[in-house]
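See structure below.
The values are calculated or read from the model by the stated rules, or taken from the named source; none is laboratory data. This is a predicted model, so every value here is computed, not measured. Counting neighbours? That spans all protein chains shown, and the Cβs are built from the backbone with ideal geometry, glycine included.
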Amino acid sequence: MSSAAQPPTGPVTGSIPRPRRRVPFWDNARYACIVLVVLGHAIQRLTYDSDIAMALYLSFYAFHMPAFAIIAGYFSKSAPPTKRQMARVITDILVPYVIFEMLWTLTKWLVEGQASPNLTQPSWTLWFLLALGIFRLVLPYLALLRWPVVWSLLISIGAGYLPNVDSTFSLSRTLGFLPFFVLGWWLREHDIVERFRLIDFRPWWLRVVAVVIFVVDGFVAWNWVEIWSSVDLDKWFFYVDSYSDLGSEEWWSGGVRLVLIALGLLLSAAFFVLIPRRTTWWTQFGQYTMYVYLLHSFVLYPFRESGVLRDAEPTWLWLPSVILLSVAIAVVLATRPVRWLFRPLVEPRPAWLFRDRSLVPDPTRRNDPTGSRRPRTRD
(Lines give C-alpha, C1' and ligand atoms only; values in the text may rest on other atoms or scores of the structure.)
Protein backbone atom coordinates (compact mmCIF):
# COMPACT_ATOMS: atom_id res chain seq x y z
CA MET A 1 0.00 0.00 0.00
CA SER A 2 5.57 2.99 -0.22
CA SER A 3 11.51 1.52 0.07
CA ALA A 4 13.73 1.15 2.94
CA ALA A 5 14.55 -1.31 5.63
CA GLN A 6 12.96 -1.38 9.02
CA PRO A 7 14.69 1.15 11.31
CA PRO A 8 17.78 -0.12 13.11
CA THR A 9 17.43 -0.58 16.85
CA GLY A 10 21.05 -0.63 17.95
CA PRO A 11 24.29 1.23 17.36
CA VAL A 12 27.02 0.11 15.03
CA THR A 13 29.69 -2.05 16.63
CA GLY A 14 32.98 -1.56 14.82
CA SER A 15 32.26 -1.71 11.11
CA ILE A 16 29.57 -4.38 11.34
CA PRO A 17 26.03 -3.16 12.16
CA ARG A 18 23.94 -5.19 14.51
CA PRO A 19 21.15 -7.24 12.95
CA ARG A 20 18.05 -5.18 12.38
CA ARG A 21 15.06 -6.15 14.45
CA ARG A 22 11.83 -6.33 12.56
CA VAL A 23 9.12 -4.23 14.18
CA PRO A 24 5.78 -6.08 13.94
CA PHE A 25 3.87 -2.83 14.48
CA TRP A 26 4.56 -1.61 10.95
CA ASP A 27 3.46 -4.84 9.30
CA ASN A 28 0.33 -4.85 11.45
CA ALA A 29 -0.42 -1.27 10.46
CA ARG A 30 0.11 -1.98 6.75
CA TYR A 31 -2.20 -4.93 6.82
CA ALA A 32 -4.90 -3.12 8.81
CA CYS A 33 -4.77 -0.34 6.21
CA ILE A 34 -5.14 -2.73 3.30
CA VAL A 35 -8.10 -4.46 4.96
CA LEU A 36 -9.80 -1.06 5.20
CA VAL A 37 -9.01 -0.41 1.52
CA VAL A 38 -10.73 -3.66 0.53
CA LEU A 39 -13.63 -2.94 2.87
CA GLY A 40 -14.11 0.54 1.47
CA HIS A 41 -14.25 -0.69 -2.11
CA ALA A 42 -16.55 -3.56 -1.13
CA ILE A 43 -19.18 -1.51 0.67
CA GLN A 44 -19.18 1.41 -1.73
CA ARG A 45 -22.20 0.07 -3.63
CA LEU A 46 -24.08 -0.35 -0.34
CA THR A 47 -23.65 3.35 0.46
CA TYR A 48 -26.14 4.33 -2.25
CA ASP A 49 -29.02 2.67 -0.38
CA SER A 50 -27.85 2.47 3.24
CA ASP A 51 -27.11 5.40 5.52
CA ILE A 52 -25.27 3.22 8.01
CA ALA A 53 -23.04 1.88 5.21
CA MET A 54 -22.33 5.46 4.13
CA ALA A 55 -21.52 6.48 7.71
CA LEU A 56 -19.10 3.56 8.06
CA TYR A 57 -17.59 4.38 4.68
CA LEU A 58 -16.99 8.02 5.62
CA SER A 59 -15.66 7.21 9.08
CA PHE A 60 -12.64 5.28 7.83
CA TYR A 61 -12.21 6.92 4.42
CA ALA A 62 -11.16 9.98 6.38
CA PHE A 63 -7.92 8.29 7.44
CA HIS A 64 -7.08 4.92 5.88
CA MET A 65 -5.21 6.24 2.82
CA PRO A 66 -3.57 9.06 4.83
CA ALA A 67 -2.30 6.40 7.25
CA PHE A 68 -1.04 4.30 4.34
CA ALA A 69 0.79 7.33 2.91
CA ILE A 70 2.37 8.09 6.29
CA ILE A 71 3.71 4.54 6.49
CA ALA A 72 5.02 4.76 2.92
CA GLY A 73 6.78 8.04 3.70
CA TYR A 74 8.29 6.66 6.89
CA PHE A 75 10.14 4.02 4.89
CA SER A 76 11.29 6.33 2.11
CA LYS A 77 14.64 8.04 1.65
CA SER A 78 15.22 11.63 0.61
CA ALA A 79 18.80 11.13 -0.62
CA PRO A 80 19.35 11.13 -4.40
CA PRO A 81 18.48 7.62 -5.59
CA THR A 82 21.18 5.16 -6.54
CA LYS A 83 21.01 3.23 -9.81
CA ARG A 84 19.67 0.21 -7.97
CA GLN A 85 16.93 2.27 -6.32
CA MET A 86 16.01 3.79 -9.67
CA ALA A 87 15.79 0.29 -11.13
CA ARG A 88 13.46 -0.71 -8.33
CA VAL A 89 11.10 2.13 -9.19
CA ILE A 90 10.89 0.62 -12.67
CA THR A 91 10.50 -3.00 -11.54
CA ASP A 92 8.33 -2.40 -8.46
CA ILE A 93 6.10 0.44 -9.69
CA LEU A 94 6.18 1.24 -13.40
CA VAL A 95 6.20 -2.28 -14.84
CA PRO A 96 3.39 -3.56 -12.55
CA TYR A 97 1.43 -0.42 -13.41
CA VAL A 98 1.67 -1.13 -17.14
CA ILE A 99 0.85 -4.82 -16.62
CA PHE A 100 -2.26 -4.15 -14.56
CA GLU A 101 -3.45 -1.37 -16.85
CA MET A 102 -3.30 -3.89 -19.69
CA LEU A 103 -5.19 -6.41 -17.57
CA TRP A 104 -7.87 -3.86 -16.79
CA THR A 105 -8.18 -2.97 -20.45
CA LEU A 106 -8.65 -6.65 -21.29
CA THR A 107 -11.14 -7.13 -18.45
CA LYS A 108 -13.28 -4.18 -19.51
CA TRP A 109 -13.23 -5.35 -23.12
CA LEU A 110 -14.33 -8.88 -22.14
CA VAL A 111 -17.01 -7.80 -19.65
CA GLU A 112 -18.25 -4.50 -21.04
CA GLY A 113 -17.47 -5.03 -24.70
CA GLN A 114 -15.43 -1.86 -24.91
CA ALA A 115 -12.13 -0.53 -23.73
CA SER A 116 -10.10 2.62 -24.23
CA PRO A 117 -6.54 1.92 -23.09
CA ASN A 118 -4.90 5.02 -21.71
CA LEU A 119 -1.83 4.78 -19.51
CA THR A 120 -2.25 8.39 -18.43
CA GLN A 121 -5.54 7.60 -16.67
CA PRO A 122 -4.97 5.00 -13.93
CA SER A 123 -7.71 2.40 -13.60
CA TRP A 124 -9.39 2.25 -10.20
CA THR A 125 -6.77 1.37 -7.57
CA LEU A 126 -3.71 1.81 -9.79
CA TRP A 127 -3.44 5.50 -8.94
CA PHE A 128 -1.52 4.62 -5.78
CA LEU A 129 1.29 2.97 -7.73
CA LEU A 130 1.87 6.17 -9.67
CA ALA A 131 1.56 8.18 -6.48
CA LEU A 132 4.34 6.15 -4.86
CA GLY A 133 6.58 6.82 -7.86
CA ILE A 134 5.87 10.56 -7.88
CA PHE A 135 6.29 10.80 -4.10
CA ARG A 136 9.79 9.40 -4.45
CA LEU A 137 10.61 11.77 -7.28
CA VAL A 138 9.66 14.93 -5.41
CA LEU A 139 10.83 13.99 -1.91
CA PRO A 140 14.57 14.71 -2.49
CA TYR A 141 13.64 18.22 -3.66
CA LEU A 142 11.27 18.92 -0.77
CA ALA A 143 13.89 17.63 1.66
CA LEU A 144 16.24 20.42 0.52
CA LEU A 145 13.82 23.08 1.74
CA ARG A 146 13.14 24.41 5.17
CA TRP A 147 9.80 23.22 6.54
CA PRO A 148 9.17 20.52 3.91
CA VAL A 149 5.94 19.43 5.61
CA VAL A 150 4.59 22.98 5.38
CA TRP A 151 5.50 23.20 1.70
CA SER A 152 3.79 19.88 1.00
CA LEU A 153 0.72 21.17 2.79
CA LEU A 154 0.67 24.33 0.67
CA ILE A 155 1.06 22.23 -2.49
CA SER A 156 -1.83 19.99 -1.49
CA ILE A 157 -4.17 22.85 -0.67
CA GLY A 158 -3.10 24.91 -3.68
CA ALA A 159 -3.59 22.03 -6.13
CA GLY A 160 -7.28 21.96 -5.27
CA TYR A 161 -7.73 25.44 -6.76
CA LEU A 162 -6.43 24.30 -10.17
CA PRO A 163 -9.01 22.51 -12.33
CA ASN A 164 -6.29 21.42 -14.77
CA VAL A 165 -4.63 19.38 -12.01
CA ASP A 166 -6.76 16.30 -12.54
CA SER A 167 -6.56 12.51 -12.56
CA THR A 168 -4.02 12.43 -15.39
CA PHE A 169 -1.17 10.31 -14.01
CA SER A 170 -3.14 10.51 -10.70
CA LEU A 171 -1.57 13.94 -10.15
CA SER A 172 -4.48 15.45 -8.19
CA ARG A 173 -4.55 12.58 -5.72
CA THR A 174 -0.79 12.43 -5.45
CA LEU A 175 -0.51 16.12 -4.58
CA GLY A 176 -3.51 15.85 -2.28
CA PHE A 177 -1.96 13.08 -0.19
CA LEU A 178 1.56 14.51 -0.38
CA PRO A 179 1.54 16.03 3.16
CA PHE A 180 0.89 12.64 4.74
CA PHE A 181 3.77 11.04 2.84
CA VAL A 182 6.17 13.87 3.66
CA LEU A 183 5.10 13.80 7.31
CA GLY A 184 5.91 10.08 7.46
CA TRP A 185 9.37 10.75 6.03
CA TRP A 186 9.89 13.68 8.43
CA LEU A 187 9.06 11.49 11.43
CA ARG A 188 11.74 9.02 10.36
CA GLU A 189 14.25 11.70 9.35
CA HIS A 190 14.08 13.30 12.80
CA ASP A 191 13.83 9.98 14.62
CA ILE A 192 10.61 11.14 16.30
CA VAL A 193 9.13 7.65 16.70
CA GLU A 194 12.23 6.22 18.36
CA ARG A 195 13.13 9.25 20.47
CA PHE A 196 9.68 9.58 21.98
CA ARG A 197 8.99 5.83 22.00
CA LEU A 198 5.75 6.39 20.13
CA ILE A 199 5.36 2.70 19.36
CA ASP A 200 6.14 1.46 22.87
CA PHE A 201 4.35 4.24 24.75
CA ARG A 202 0.83 2.86 24.94
CA PRO A 203 -0.73 3.59 28.37
CA TRP A 204 -4.33 2.54 28.91
CA TRP A 205 -5.61 6.09 28.93
CA LEU A 206 -4.14 6.77 25.49
CA ARG A 207 -5.95 3.74 24.07
CA VAL A 208 -9.16 4.98 25.68
CA VAL A 209 -8.67 8.38 24.04
CA ALA A 210 -8.14 6.67 20.66
CA VAL A 211 -11.34 4.67 21.09
CA VAL A 212 -13.26 7.80 22.05
CA ILE A 213 -11.94 9.57 18.95
CA PHE A 214 -13.28 6.79 16.74
CA VAL A 215 -16.60 6.72 18.58
CA VAL A 216 -16.97 10.44 17.97
CA ASP A 217 -15.91 9.94 14.35
CA GLY A 218 -18.58 7.30 13.85
CA PHE A 219 -21.25 9.34 15.66
CA VAL A 220 -20.58 12.46 13.60
CA ALA A 221 -20.59 10.44 10.37
CA TRP A 222 -23.87 8.74 11.28
CA ASN A 223 -25.77 11.60 12.92
CA TRP A 224 -25.25 14.00 10.01
CA VAL A 225 -24.94 11.45 7.22
CA GLU A 226 -27.53 13.20 5.04
CA ILE A 227 -25.58 16.44 5.19
CA TRP A 228 -22.31 14.70 4.35
CA SER A 229 -23.99 12.95 1.41
CA SER A 230 -25.46 16.20 0.12
CA VAL A 231 -22.05 17.90 0.05
CA ASP A 232 -20.32 14.83 -1.45
CA LEU A 233 -17.95 14.50 1.48
CA ASP A 234 -16.83 11.11 0.23
CA LYS A 235 -15.51 12.76 -2.93
CA TRP A 236 -13.60 15.30 -0.84
CA PHE A 237 -11.82 12.38 0.83
CA PHE A 238 -10.70 11.10 -2.58
CA TYR A 239 -8.56 14.24 -3.22
CA VAL A 240 -9.33 13.82 -6.94
CA ASP A 241 -11.54 16.75 -7.93
CA SER A 242 -10.78 20.44 -7.75
CA TYR A 243 -12.78 22.56 -5.33
CA SER A 244 -14.81 24.04 -8.17
CA ASP A 245 -15.68 20.59 -9.47
CA LEU A 246 -16.90 19.75 -5.98
CA GLY A 247 -19.21 22.77 -6.08
CA SER A 248 -17.08 24.96 -3.83
CA GLU A 249 -15.70 27.97 -5.67
CA GLU A 250 -15.21 30.19 -2.62
CA TRP A 251 -11.74 31.52 -1.85
CA TRP A 252 -11.72 29.67 1.45
CA SER A 253 -12.33 26.25 -0.10
CA GLY A 254 -8.74 25.30 0.65
CA GLY A 255 -9.63 25.60 4.31
CA VAL A 256 -11.95 22.62 3.91
CA ARG A 257 -9.08 20.50 2.65
CA LEU A 258 -6.92 21.74 5.51
CA VAL A 259 -9.58 20.59 7.98
CA LEU A 260 -9.82 17.21 6.25
CA ILE A 261 -6.03 16.82 6.39
CA ALA A 262 -6.07 17.64 10.11
CA LEU A 263 -8.88 15.13 10.59
CA GLY A 264 -6.91 12.52 8.66
CA LEU A 265 -3.89 13.10 10.90
CA LEU A 266 -5.93 12.88 14.09
CA LEU A 267 -7.67 9.67 13.06
CA SER A 268 -4.42 8.18 11.75
CA ALA A 269 -2.79 8.86 15.12
CA ALA A 270 -5.69 7.17 16.92
CA PHE A 271 -5.48 4.28 14.45
CA PHE A 272 -1.76 3.79 15.12
CA VAL A 273 -2.37 3.83 18.87
CA LEU A 274 -4.75 0.88 18.54
CA ILE A 275 -2.53 -1.19 16.24
CA PRO A 276 -1.00 -4.20 18.07
CA ARG A 277 2.73 -4.00 18.73
CA ARG A 278 3.27 -7.74 19.06
CA THR A 279 3.50 -10.35 16.33
CA THR A 280 0.07 -11.77 15.47
CA TRP A 281 -1.12 -14.46 13.05
CA TRP A 282 -1.66 -11.80 10.40
CA THR A 283 1.53 -9.79 10.92
CA GLN A 284 3.31 -11.59 8.05
CA PHE A 285 0.58 -10.49 5.64
CA GLY A 286 1.68 -6.90 6.16
CA GLN A 287 4.71 -7.68 4.01
CA TYR A 288 2.48 -8.41 1.01
CA THR A 289 -0.01 -5.56 0.94
CA MET A 290 0.65 -4.83 -2.72
CA TYR A 291 -0.75 -8.23 -3.68
CA VAL A 292 -3.97 -7.45 -1.89
CA TYR A 293 -4.05 -3.91 -3.25
CA LEU A 294 -3.60 -4.87 -6.90
CA LEU A 295 -5.66 -8.06 -6.95
CA HIS A 296 -8.69 -7.31 -4.78
CA SER A 297 -10.24 -4.99 -7.35
CA PHE A 298 -10.53 -7.89 -9.81
CA VAL A 299 -12.27 -9.97 -7.14
CA LEU A 300 -14.72 -7.18 -6.33
CA TYR A 301 -15.31 -6.11 -9.92
CA PRO A 302 -18.14 -8.62 -10.61
CA PHE A 303 -19.94 -7.64 -7.41
CA ARG A 304 -19.64 -3.93 -8.12
CA GLU A 305 -20.61 -4.06 -11.78
CA SER A 306 -23.37 -6.68 -11.61
CA GLY A 307 -25.48 -4.54 -9.28
CA VAL A 308 -25.86 -7.37 -6.77
CA LEU A 309 -24.97 -4.96 -3.96
CA ARG A 310 -27.60 -2.41 -4.95
CA ASP A 311 -30.84 -2.51 -2.94
CA ALA A 312 -29.18 -5.13 -0.74
CA GLU A 313 -31.60 -5.34 2.16
CA PRO A 314 -31.68 -5.87 5.05
CA THR A 315 -28.59 -3.86 5.88
CA TRP A 316 -28.06 -5.69 9.16
CA LEU A 317 -27.42 -8.84 7.14
CA TRP A 318 -25.62 -7.55 4.05
CA LEU A 319 -23.26 -5.06 5.69
CA PRO A 320 -21.72 -7.56 8.17
CA SER A 321 -21.53 -10.11 5.36
CA VAL A 322 -19.62 -7.73 3.12
CA ILE A 323 -17.30 -6.81 6.00
CA LEU A 324 -16.48 -10.48 6.63
CA LEU A 325 -16.04 -11.05 2.89
CA SER A 326 -13.60 -8.13 2.72
CA VAL A 327 -11.47 -9.52 5.51
CA ALA A 328 -11.50 -12.95 3.88
CA ILE A 329 -10.40 -11.48 0.54
CA ALA A 330 -7.57 -9.58 2.22
CA VAL A 331 -6.39 -12.76 3.93
CA VAL A 332 -6.59 -15.04 0.91
CA LEU A 333 -4.83 -12.64 -1.46
CA ALA A 334 -1.86 -12.40 0.90
CA THR A 335 -1.37 -16.16 1.24
CA ARG A 336 1.57 -18.03 -0.26
CA PRO A 337 -0.32 -19.86 -3.07
CA VAL A 338 -1.75 -16.59 -4.38
CA ARG A 339 1.62 -14.90 -4.16
CA TRP A 340 3.28 -17.76 -6.02
CA LEU A 341 0.66 -17.63 -8.78
CA PHE A 342 0.60 -13.87 -9.31
CA ARG A 343 4.20 -12.96 -8.48
CA PRO A 344 5.16 -12.54 -12.17
CA LEU A 345 2.46 -9.87 -12.45
CA VAL A 346 2.77 -8.11 -9.08
CA GLU A 347 6.55 -8.38 -8.73
CA PRO A 348 7.98 -8.79 -12.22
CA ARG A 349 11.73 -8.92 -12.67
CA PRO A 350 12.26 -7.97 -16.34
CA ALA A 351 16.03 -8.24 -16.56
CA TRP A 352 15.84 -7.82 -20.33
CA LEU A 353 14.89 -4.16 -19.82
CA PHE A 354 18.24 -3.21 -18.34
CA ARG A 355 21.66 -2.85 -19.84
CA ASP A 356 23.12 -3.82 -16.50
CA ARG A 357 21.14 -6.84 -15.40
CA SER A 358 22.72 -6.75 -11.96
CA LEU A 359 20.43 -3.80 -11.17
CA VAL A 360 17.40 -6.09 -11.16
CA PRO A 361 16.50 -6.90 -7.53
CA ASP A 362 17.32 -10.35 -6.24
CA PRO A 363 14.17 -12.48 -6.73
CA THR A 364 14.72 -14.08 -3.31
CA ARG A 365 14.96 -10.69 -1.61
CA ARG A 366 11.85 -8.81 -2.55
CA ASN A 367 10.37 -5.74 -0.93
CA ASP A 368 6.88 -4.34 -0.94
CA PRO A 369 6.73 -0.92 -2.68
CA THR A 370 5.19 0.50 0.49
CA GLY A 371 8.50 -0.02 2.28
CA SER A 372 8.40 -3.46 3.86
CA ARG A 373 11.70 -5.30 3.51
CA ARG A 374 11.09 -9.02 3.60
CA PRO A 375 13.35 -11.83 4.73
CA ARG A 376 15.00 -13.92 2.06
CA THR A 377 12.44 -16.31 0.65
CA ARG A 378 11.99 -18.87 -2.10
CA ASP A 379 8.20 -18.96 -2.28
query = Failed condition for F237, given (1) under 13 Å from F60 (Cα atoms); (2) at pLDDT below 95, with all others met?
reply = (2)
note = Residue count, segment 172-199, condition of a type in the set (D, E, K, R) and outside any helix (DSSP H, G or I), comes to 2
inquiry  = From the list R374, R365, R349, exactly one residue is loosely packed, with under 14 Cβ neighbours inside 10 Å and either under 28 Å from I90 (Cβ atoms) or modelled with pLDDT of 85 or more (or both). Which is it?
reply    = R365
request  = Only residues in segment 172-188 that are farther than 14 Å from A67 by Cβ and buried (at least 23 other Cβ atoms within 10 Å of the Cβ) count as the first member; pair them with residues that are among the acidic types (D, E) and modelled with pLDDT under 95, Cβ under 6 angstrom, at least 6 apart or cross-chain, and list the lot.
outcome  = S172/D166
request  = Please note which helices (runs of 4 or more DSSP H) are completely contained in segment 21-104 and include at least 3 residues that are buried (at least 19 other Cβ atoms within 10 Å of the Cβ) and not aliphatic (A, V, I, L, M).
outcome  = 24-43, 51-61, 64-74
Pick from segment 162-171, criterion over 16 Å from the mean Cα position of the chain (by Cα) and assigned to a helix (DSSP H, G or I), ranking: surrounded by the most Cβ atoms within 10 Å (Cβ to Cβ) = F169
message = Restricting to segment 221-242, name every residue that is more than 24 Å from the chain's Cα centre (by Cα) and either buried (at least 16 other Cβ atoms within 10 Å of the Cβ) or part of a loop (DSSP other than H, G, I, E, B) (or both).
response = W222, W224, V225, V231
query = If you go through segment 243-252 one residue at a time, do you hit one that is assigned to a helix (DSSP H, G or I) and modelled with pLDDT of 95 or more?
reply = no
One residue from L206, L258 being farther than 30 Å from V138 by Cβ and surrounded by 11 or more Cβ atoms within 10 Å (Cβ to Cβ) = L206
inquiry  = Just to be sure before I move on: is R202 over 24 Å from W127 (Cα atoms), part of a loop (DSSP other than H, G, I, E, B) and in contact with a Phe, Trp or Tyr (Cβ under 6 Å, 6 or more places away or on another chain) in the structure I sent?
reply    = no
